[in-house]
Amino acid sequence: MSVLIVGSIALDDIKTPVAEHPNLLGGSASYSAVAASYFNPVNLVGIVGKDFPQEHIDLLSSRRIDLEGLQIVPGKTFRWSGEYLLDMNTRETRSVELNVFEHFTPTLPANYKTSRVVLLANIAPDLQHHVLDQIENPHFVIADTMDLWINIAKDSLVRLLGRVDMLILNDGEARQLTGESNLMKAAKSILAHGPEYVAIKKGEHGCLLFAKNGEFFSCPAFPLEEIHDPTGAGDTFAGGLAGVLARETDSEPIDFGALRRAVVFGSVLASFNVEAFSLERLKTVDAAQIEDRSRILRLISQFDSE
Ligand code: AMP
């Protein structure tokens, strides 16, 4: 069954120490949907303006991504501009234009409402609630977020924690949300608000996965020498993870083994995404390349106990 993904679809202007490019396909839902589509069909919910280039629609529909839930309305597409500093980890938002997002009310097509695996990719927590309100009895709900919502919509985000199975956020956001500087304590505090699992991303240092029952997994980031644009790495990670979970089990209980695999494949896809601007690399990955990098991740993280 398709995985439901809701999030932003954007035109981005990005500057990194390597290069600067305007007008790129971006947005949390674009990255997440293409990543998830490597593993499972996707139902996409989002909004764009009439200015949104047809080539981007063609890219999404050339994958296993259903666009019945994509609203194309008069007005301009959401625009975001960001600049990365030399370490490629520190990012400054230069501008945000909400445009058609300002009046977005996601309405789910009837056949999306029975989705079993749901990814609430990064958008305003109120919109994430609104989508969740329309889904009948979901099996596993994942939410992604960002520092902006912790700053301006913390109450809504904390309420959302009580409605989801898993939260994904980065280390800085986990500290900001909980006030805990230690990530073990931050994870514990997040889990106490509701979700069964939390994944804390640490950029080039990998990802930590915590379960309420105490299970723990640490996944390294795939070692890369050349990073061209980190934009969308987190969204790609979340999409890959959701796609693997939807493929593996949309009715069986999701166990920690499935989550570990999902985190590994999410990390592998994110490693491809940062090798080029926008979705240029992500869209050309093939199954053998994904398998190859997951094998390497396994090799570099195992050791003998003797
Ligand atoms: P990430 O690098 O994973 O944090 O995601 C980058 C993407 O998030 C960009 O393509 C932006 O278009 C999108 N984005 C930036 N700000 C927002 C926002 N406030 N709401 C939704 N999406 C956003």
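Numbers at a glance
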{"item": "3 or more residues surrounded by fewer than 22 Cβ atoms within 10 Å (Cβ to Cβ): qualifying strands (runs of 3 or more DSSP E) within the range 1-72", "result": "20-26"}
{"item": "Pairs where the first residue, in the range 228-240, is under 8 Å from A35 (Cα atoms) and within 9 Å of the ligand (Cβ to nearest atom) and the second is of a type in the set (F, W, Y) and not in a loop (DSSP other than H, G, I, E, B), C-beta under 6 Å, 6+ apart", "result": "T236/Y31"}
{"item": "Residue within the range 265-275 that is within 16 Å of the chain's Cα centre (by Cα), in contact (Cβ under 8 Å) with a residue 40 or more places away in the chain, under 19 Å from D171 (Cα atoms) and not in a helix (DSSP H, G or I) present", "result": "yes"}
{"item": "Selection from the range 94-137 of residues that are free of Cβ contacts under 8 Å to residues at least 24 places away in the same chain, surrounded by fewer than 12 Cβ atoms within 10 Å (Cβ to Cβ) and either in contact with a Lys or Arg (Cβ under 6 Å, 6 or more places away or on another chain) or not small (G, A, S) (or both)", "result": "E102, H103, D133, E136, N137"}
{"item": "Scope the range 20-42; condition within 13 Å of the ligand (Cβ to nearest atom) and of a type in the set (F, W, Y); matching residues", "result": "Y31"}
{"item": "Filter result for S181 (modelled with pLDDT of 95 or more, in contact with a strand residue (DSSP E or B) (Cβ under 6 Å, 6 or more places away or on another chain), surrounded by fewer than 22 Cβ atoms within 10 Å (Cβ to Cβ) and outside any helix (DSSP H, G or I))", "result": "no"}
{"item": "Of all residues in the range 236-264 being outside any helix (DSSP H, G or I) and touching a helix residue (DSSP H, G or I) at 6+ places or on another chain (Cβ under 7 Å), the one that is surrounded by the fewest Cβ atoms within 10 Å (Cβ to Cβ)", "result": "T249"}
{"item": "Qualifying residue in the range 149-161 (condition: surrounded by 18 or more Cβ atoms within 10 Å (Cβ to Cβ) and among the charged types (D, E, K, R))", "result": "no"}
{"item": "Criterion violated by F217 - all others in (1) surrounded by fewer than 16 Cβ atoms within 10 Å (Cβ to Cβ); (2) part of a strand (DSSP E or B) satisfied", "result": "(1)"}
{"item": "Selection count, the range 3-19, where residues are more than 12 Å from the ligand (Cβ to nearest atom) and modelled with pLDDT of 95 or more", "result": "4"}
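Let's see how each residue does on (1) away from the ligand (no atom under 14 Å from the Cβ); (2) within 24 Å of I227 (Cβ to Cβ); (3) modelled with pLDDT of 95 or more; (4) in a loop (DSSP other than H, G, I, E, B):
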{"site": "S81", "(1), (2), (3), (4)": "no, yes, yes, no"}
{"site": "T107", "(1), (2), (3), (4)": "yes, no, no, yes"}
{"site": "N122", "(1), (2), (3), (4)": "no, yes, yes, yes"}
{"site": "D126", "(1), (2), (3), (4)": "no, no, yes, no"}
{"site": "H129", "(1), (2), (3), (4)": "yes, no, yes, no"}
{"site": "A143", "(1), (2), (3), (4)": "no, no, yes, no"}
{"site": "I150", "(1), (2), (3), (4)": "no, no, yes, no"}
{"site": "L157", "(1), (2), (3), (4)": "no, no, yes, no"}
{"site": "G194", "(1), (2), (3), (4)": "yes, no, yes, yes"}
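The values are calculated or read from the model by the stated rules, or taken from the named source; none is laboratory data. Everything numeric in this text was worked out from a predicted model, so none of it was measured. Virtual Cβ from ideal backbone geometry, glycine too; neighbours counted across all protein chains shown.
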